[in-house]
Amino acid sequence: MAEVELPKPDELHEHAANSFSRRVALVTAIYAVVLAIAALGGNHAMKEMLLAQQQSSDQWAFYQAKVIREHLYRAQKMRLEVDLAERAATPRAPAREKKMEALLKKLDEEEKRYNAEKKDIEKDAKKLEAMRDSFQARDPYFLVAEALLQIAIVMSSVSILARSGLIFSFSLVLAVVGAALPATGYFMVFPLPFFHGTH
């Protein structure tokens, strides 16, 4: 009969420790992947927020330009109305009067056109502001997720060195919360009221 060699207790303990280290290292790699996804989401939210802010500012500048043009046309129209009223008391020049009335009509049309255009521009600017606010509301989820996942990675590394399942469990809790936050940041599944208005 062949002799069966039993493993030594030290070898069993070392094998178990190596198995724990490998599992923790694998889970830590998963943490890093989720961290990368959270960082991408945070960068995207910040980029889109800044872009929407810039576009909104551009729209409001365009709106202001339209308001200025509208006021200029209104002022010219009012001045022309005064001139026509003053000329009514003097001898008439029909050709000149017709030109002035045509000009008055054109100024009135331009004023109305600028008034209508500025309303459309205002709507666009407000849509862009709403988009900016949406991305601004999403950004804190990614920021907190990144921090929690970085702490989870550090804690899992410490658990390997300390060979502590308790420390690893703590890192796992942090990672689960850190993984849930980017999902909320992307899809606003569970919006948290205390995350809004942090900028």
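The values are calculated or read from the model by the stated rules, or taken from the named source; none is laboratory data. Keep in mind the model is a prediction, meaning the values are calculated, not measured. Neighbour counts are summed over all protein chains in view; Cβ atoms, including those assigned to glycine, are modelled from backbone coordinates with ideal geometry. The area values use the complete protein model at the heavy-atom level, side chains included, leaving out ligands, DNA and RNA. Shrake-Rupley method; radii C 1.70, N 1.55, O 1.52, S 1.80 Å.
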Query raised in the report: Can you give the relative contact order of segment 31-135 as a percent, counting alpha carbon pairs under 8 Å and 6+ residues apart?
Result: 54
Query raised in the report: Could you state the number of Å between the C-alpha centres of segment 70-89 and segment 136-198?
Result: 67
Report summary line: With Cα coordinates, the longest principal axis of the chain makes an angle with the long axis of helix 165-187, in degrees rounded to 10, of 20
Query raised in the report: Of all accessible surface on segment 114-169 at a 1.4 Å probe, what whole percent is carbon and sulfur?
Result: 62
Report summary line: The Cα radius of gyration of segment 32-86, divided by 2.2 N^0.38 Å with N its residue count, comes to 2.35
Query - Computed accessible area, LYS99, all protein chains, 1.4 angstrom probe, square angstrom - result: 150
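Mean separation of Cα pairs under 8 Å and 6+ residues apart, divided by the residue count of segment 73-180: what relative contact order is that in percent?
Computed value for segment 73-180: 22 percent relative contact order.
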Query raised in the report: Ignoring ligands, DNA and RNA, what percent of the 1.4 Å accessible area of segment 19-68 is carbon and sulfur?
Result: 71
Report summary line: Here Rg/Rh (Cα, Kirkwood) for segment 60-180 equals 1.64
Query raised in the report: Under the rule of -39500 (n - 2.57) per DSSP H run of 4 or more residues, summed and divided by the residues of the chain, what mean residue ellipticity at 222 nm is obtained, to the nearest 500 deg cm²/dmol?
Result: -32500 deg cm²/dmol
Query raised in the report: Using only Cα atoms, what is the ratio of the radius of gyration of segment 42-120 to 2.2 N^0.38 Å?
Result: 1.77
Requested in this report: Distance check, please: which entries in LYS99/LYS119; LYS106/LYS127; LYS106/LYS126; LYS66/LYS126; LYS77/LYS119; LYS105/LYS126 exceed 27 angstrom between their Cα atoms?
Outcome: LYS99/LYS119; LYS106/LYS127; LYS106/LYS126; LYS105/LYS126
Query raised in the report: In degrees, nearest 10, range 0 to 90: what is the angle between the Cα axis of helix 94-162 and the longest Cα principal axis of the chain?
Result: 10
Report summary line: About its Cα centre, segment 48-188 carries a charge dipole, from +1 on Lys and Arg Cβ atoms and -1 on Asp and Glu Cβ atoms, whose size in debye to the nearest 20 is 540
Requested in this report: Quick one: net charge around ALA38, please, counting Lys, Arg +1 and Asp, Glu -1 for every other residue with C-beta under 14 Å from its C-beta.
Outcome: -1
Query - All-pairs alpha carbon distance profile, segment 85-127, 10 Å steps from 0, percent - result: 24, 30, 20, 15, 9, 1
